[in-house]
Amino acid sequence: MTHTIRKNSWLLVLTIGLGILLNPLNSSMISIALTRMQHEFGLTFADASWLISVFYLASAAAQPVMGKLSDMFGPKRLFLSGLIVVAIVSILAPFSPNYPFLLGCRALQAIGTSKPYFRVE
């Protein structure tokens with residue numbers, strides 16, 4: 001019994017840790033592909049910088065909202081919903097037909113990675 005609890009707690013910690021790492025990962029990995037996307041979509045530098053800015057703006061706006069939704073629906077449910085949103089949008093983003101669609105995908109990634117923090121009560 002104790003071995004099962006210990007194993008499940010490590011799985012929980014690993015899942016939460018990897019889920020929380022999605023936000024910094026998604027906000028930094030775009031810099032590698034920014035030049036390529038600028039070329040593919042024919043963007044100016046100012047337009048391409050919105051791919052970074054929209055992520056930070058959406059994430060900053062979503063954090064307090066996710067905290068409130070976490071209080072209403074539970075942190076576990078919201079955390080898992082966010083992971084599902086990020087997975088779906090991350091699959092769609094590489095197939096973006098145009099720049100506004102890609103911006104929307106980036107905003108949804110930020111919202112999905114804006115996770116509520118778990119409280120220990």
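Straightening the chain between Ala60 and Val13 buys 14.5 nm, computed as 0.36 nm per residue apart minus the Cα-Cα spacing. Working note: 222 nm ellipticity from helices only, DSSP H runs with n ≥ 4, each -39,500 (n - 2.57), summed and divided by the residues of the chain, gives -29000 deg cm²/dmol to the nearest 500. Exposed loop sites were defined as chymotrypsin sites (Phe, Trp or Tyr not before Pro) in DSSP loop states (anything but H, G, I, E or B) carrying at most 16 other C-beta atoms within 10 Å; in the chain the longest segment without such a site runs 1-116. Computed from Cα atoms, the angle from the helix 75-92 axis to the main principal axis of the chain rounds to 30 degrees.
Max-minus-min Cα coordinates of the chain on each principal axis give 59, 29, 20 Å, with the largest extent listed first. With respect to the chain, whose longest principal axis is taken over its alpha-carbon atoms, helix 2-20 is tilted by about 20°. Round to the nearest 10 and give me the degree value, 0 to 90, for the angle of helix 22-41's Cα axis relative to the longest principal axis of the chain. So the inclination is approximately 20 degrees.
Using a Gaussian network model of the chain in which every pair of alpha carbons under 10 angstrom is joined by a spring, one finds that among Leu18, Leu92, Leu80 the greatest mean-square fluctuation is at Leu18. Extension gain, Leu34 to Ala93, is 19.9 nm, computed as 0.36 nm per intervening residue step minus the present C-alpha separation. For the chain, the dipole from Cβ point charges (+1 on Lys and Arg, -1 on Asp and Glu) about the Cα centre works out to 460 debye, to the nearest 20.
Each reported figure results from applying straightforward, stated rules to the coordinates on display, with no laboratory input. As the structure is a computational prediction, the values presented were derived from the model and not from experiment. Don't worry about glycine lacking a Cβ; one is built from the backbone with ideal geometry, like all the others, and counts go over all protein chains shown.
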